[in-house]
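Quick notes on the structure that follows.
The values are calculated or read from the model by the stated rules, or taken from the named source; none is laboratory data. None of these values were measured; they are calculated from a predicted model. When we count neighbours, we look across all protein chains shown, and the Cβ atoms used for this are built from the backbone with ideal geometry, even at glycine. Calculation scope for accessible area: heavy atoms of the full protein, side chains included, ligands and nucleic acids excluded. Shrake-Rupley method; radii C 1.70, N 1.55, O 1.52, S 1.80 Å.
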Amino acid sequence: MTNPAETTSGETPETNALPADSHLPVDAQPDKLAVASQWQLTWWAFRKHKLAQLGLWIIGLLYLLSIFAEFVAPDDPTKQNRRAVFHPPQMIHFVDRTEDGLRLRPYVYEMDRQRDPDTLAISYTPSGEKIYLRLFGRGAEYKFWGLWETDIHLFATVNPRDKFFLFGADRLGRDMFSRVMYGTRISMSIGLVGVAISLVLGITLGGISGYYGGRIDAVIQRLIEFVLSLPTIPIWLALAAALPPSWPIYQQYFVITLIVSLVGWTELGRVVRGRFLAMKNDDFVIAARLDGASERRIIFRHMLPSLTSHIIASLTLAIPLMILAETGLSFLGLGLQPPAISWGVLLKEAQNILSISQAPWLFIPGGFVVIAVLAFNFLGDGMRDAADPYSH
Amino acid sequence: MIWRYILKRILWMVPFLFAVSVVAFLLIQAPPGDYLTTYIAKLGESNEVLDQASVDNLRARFGLDQPLYVQYFKWVSNLVQGDFGMSFEWRQPVSDLVWERMGLTMMLSFSTLLFTWAVALPIGIFSAVRKYSIGDYVVTTLGFIGLATPNFLLALVLMYIGVVHFGADVGGLFSSEYQNAPWSWAKFVDLMKHLWLPVVVLGTGATASLIRVMRANLLDELHKPYVDTARAKGLSEFALLMKYPVRVALNPFISTIGWVLPNLVSGAVVTAIVLSLPTAGPLMLQALLSQDMYLAGAFVLLLSSLTVIGMLISDILLVLLDPRVRYD
């Protein structure tokens, strides 16, 4: 990946002398720095960004959760339970005080359900009984990745008949924790798929625009300006309203990602165009052209590789926009429809002021949205700074 | 010179608005079926059946039996004369339904824009001048969270706090007694009492990003030699700051109107639905769902035009304020 022309132009004596404000790590020896590849330099610059690393860890965790959603969720997310309507969240305790001393064992307190005889309002109070939990316990049966059947979960109650609600339950008594886990899978993956679509659009149109310039450039730029000036949400609403609600989930999912990515590509297109314009007359590109390399080869072998880090950074910053878009659409009832579960679908339950005043834990999916978006923004910011290790 | 530039920009809007109208028309045509299908389905729910003859009759009356481009040109030529067509569902001219709501939407967007500037400007300056102070970190953290929180979630949380801790329903733009009252001073005061919540909800995202823009711009300026010169000549720190670097840093700030306004208009739609504000959003959503195409089309078109106008204003302001920007 190292581009000889780029490396030499970046290795001015100043970089070798490592000025105090250089954002490259000081512990890297000057001679090590001189031979480091571009990826190595990028990685060193990225490592200095603490928040970006935090973001990376959180995103990694969220994707792990979504890959293993069935396994992590202790219960079937669609199973209704009339006896657990608006069941409050239960804290997991670890230190168990029994007759024979302290033991380290996770448990929750069982909640008893009462109905006020006058108002018919339901309330829950701890009964004092303990429900013990264990790792890799048995719970609801599921088909892991649709491949093999099992009933082992990351954690479950020791007695499979007991229930516990880490994040409480919703108005139909469904376990919120399990629902949030399944929602994580859909919401986080919509960002990835949407970004993949806008990547294709953005690189193609931005690349053509920047490489050829002239009239094509002007047309594509007007197109981008036009798309940017459209108020996104009314347009999304109009597009999403065209979706028949009777469609199967996977079809809805695909169309929603398509709608969401319609806006994401413009930013990427601009970045790619700008870099192509700037790079078009760089020495290494001219050298390749004089060598008689085909245009295809110049673009894909010489120019795109030095863009990769910028593209990855822009992609990272585009994902949260898509997550937010899907959440907003589903929240309004125009995105994914139940029984599909996404963070937006879950938040739709919180739309009613009566339900949230009774069950504030319905906000929990919103917390996941905020954390995911923050993490992506931190990561993207760090990557954007690291993307050009030769700057400053 | 400046007038020629403004004229040119305004002329540019014509093809732009044409494209917007095509997009709006295609969008409202996109759902399968038309208003009559929805209407018949609705009648079917209440066990009424429309015979084929009256369906054809209705279809001809609304012009739904003609090819798409004929429908489009009829729509656009009426639009140019200020006639937005009839709302099928409300059986009223669309213009009667649209203008008050669009007026409130515009008022909401501009109040939010003013709020955003009033908050973002001083905080941005503070956070650039006191870089890496505790205040700067607090502002930056809050800004990040503001950017990451979807508007509707913030609206819900504030409504929750309002209901649980203050026992007040904070939705809507007017108290019930002023809902249908004619405009008066009392109604205006009542509006102001309700307006702050949507303004805060809508403004957070834009405020957060504007603070970041202002901070970054000002940081670029603060280390330039002219600042040192002014300081060496003994200018007071405040006068120095306000007179030169802030003025220069303001330029990119002005050009943000171009993208802040579309965002506000967009965000206002969802927020309005959550807070049940009598603005364009909720009615547009309803019109889209019932395929009331002229009403929905008018909203999509007007909201898009609003953002185009916002861009025009920001471009003109930029030229007026910064002589270095070229008129091309």
Backbone N under 13 Å from the residue B:26 label point (7 Å along Cα→Cβ), restricted to segment A:209-244: A:223, A:227, A:239
Compute the angle between helix A:232-241 and the longest alpha-carbon principal axis of chain A, please, reported from 0 to 90 degrees and rounded to the nearest 10. 60
With a 1.4 Å probe and all protein chains left in place, how much of the accessible area of segment A:264-311 comes from carbon and sulfur atoms, in whole percent? 50
If packing is taken as the average count of other Cβ atoms within 10 Å, what order do B:2-14, B:212-224, A:335-347, B:102-114 fall into, highest mean first? A:335-347, B:102-114, B:212-224, B:2-14
Scaled to the compact-protein estimate 2.2 N^0.38 Å, what is the alpha-carbon radius of gyration of the protein assembly as shown, rounded to two decimal places? 1.08
With a 1.4 Å probe and all protein chains kept in place, how much accessible area does residue B:28 have, in Å² rounded to the nearest 10? 20
Taking beta carbons within 10 Å but only from partner chains, what does the mean come to for residues A:369-375? 4
Quick check: pseudo-label points 7 Å beyond the Cα along Cα→Cβ at residue A:80 and residue A:40, how many nm apart are they? 6.2
So what is the 222 nm mean residue ellipticity for chain B from helices alone, if each DSSP H run of at least 4 adds -39500 (n - 2.57) and you divide by all residues, rounding to the nearest 500 deg cm²/dmol? -26000 deg cm²/dmol
Counting Lys and Arg as +1 and Asp and Glu as -1, each charge on the Cβ, what is the dipole of chain A about the Cα centre in debye, to the nearest 20? 660
Averaged over residues of B:261-270, the number of beta carbons from other chains lying within 10 Å of each residue's Cβ is 5
Using a 1.4 angstrom probe with every protein chain in place, what is the largest-first accessible-area order of A:198, B:95? B:95, A:198
Go ahead and run the numbers for FRET between residue B:77 and residue B:99, Cβ-Cβ distance against an R0 of 30 Å, rounding to 0.05. 0.90
With Rh as the Kirkwood radius over Cα pairs, segment A:342-392 has Rg/Rh of 1.32
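Pairs of alpha-carbon atoms within less than 8 angstrom and 6+ residues apart define the contacts here; what relative contact order does chain A have, in percent?
Relative contact order, chain A: 21 percent.
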For helix A:364-387, report the angle its Cα long axis makes with the longest principal axis of the Cα atoms of chain A; keep it between 0 and 90° and round to the nearest 10°. 20
Using the basic label-point model (7 angstrom from Cα toward the beta carbon), what is the residue A:141 to residue A:159 distance in nanometres? 2.3
Only helical DSSP H runs with n ≥ 4 go in: add -39500 (n - 2.57) per run for chain A, normalise by residue count and round the 222 nm mean residue ellipticity to 500 deg cm²/dmol. -18000 deg cm²/dmol
Based on alpha-carbon centroids, what's the gap between segment B:127-168 and segment A:60-117 in Å, whole number please? 31
Which of the GluC sites (Glu not before Pro) found in segment A:89-169 are in a DSSP loop and have at most 13 neighbouring Cβ atoms, other than their own, within 10 Å? A:99
A versus B: buried accessible surface, summed, Å² (probe 1.4 Å, to nearest 100): 3300
Spherically averaged projected area in nm², based on the convex hull that wraps the Cα atoms of segment B:94-321: 15.4
To the nearest 10 degrees, how steep is helix B:280-289 against the longest Cα principal axis of chain B, on a 0 to 90 scale? 40
For residue B:183 paired with residue A:255, estimate the spin-label separation in nm (one decimal), with each label point 7 Å from Cα along the Cα-to-Cβ line. 4.1
Longest segment of chain A with no trypsin sites (Lys or Arg not before Pro) in a DSSP loop having at most 15 other Cβ atoms within 10 Å? A:172-392
Considering the Cα trace of segment B:190-268, what is its radius of gyration and what is Dmax, both in angstroms? 16.9, 52
Mind listing P(r) for chain A? All alpha-carbon pairs, 20 Å bins, whole percents. 22, 44, 27, 7, 0
Length-normalised contact order of segment B:94-321, Cα under 8 Å, at least 6 apart, in percent, tallies to 30
Which residues' amide hydrogens lie under 5 Å from the amide hydrogen of residue A:81, considering only partners 5 or more residues apart or on another chain, with H built in the peptide plane? A:173, A:174
Carbon plus sulfur, as percent of the 1.4 Å-probe accessible area of segment B:94-321, comes to 68
Among rounded, prolate and oblate, which fits segment A:69-180 when a ≥ b ≥ c are the square roots of the eigenvalues of its C-alpha gyration tensor, a/c under 1.5 means rounded, and a/b larger than b/c means prolate? oblate
Calculate the mean, over all residues of peptide B:22-28, of how many other protein chain Cβ atoms lie within 10 angstrom of the residue's Cβ. 3
Probe 1.4 Å, protein heavy atoms only - accessible area per residue of the protein assembly as shown in square angstrom: 50
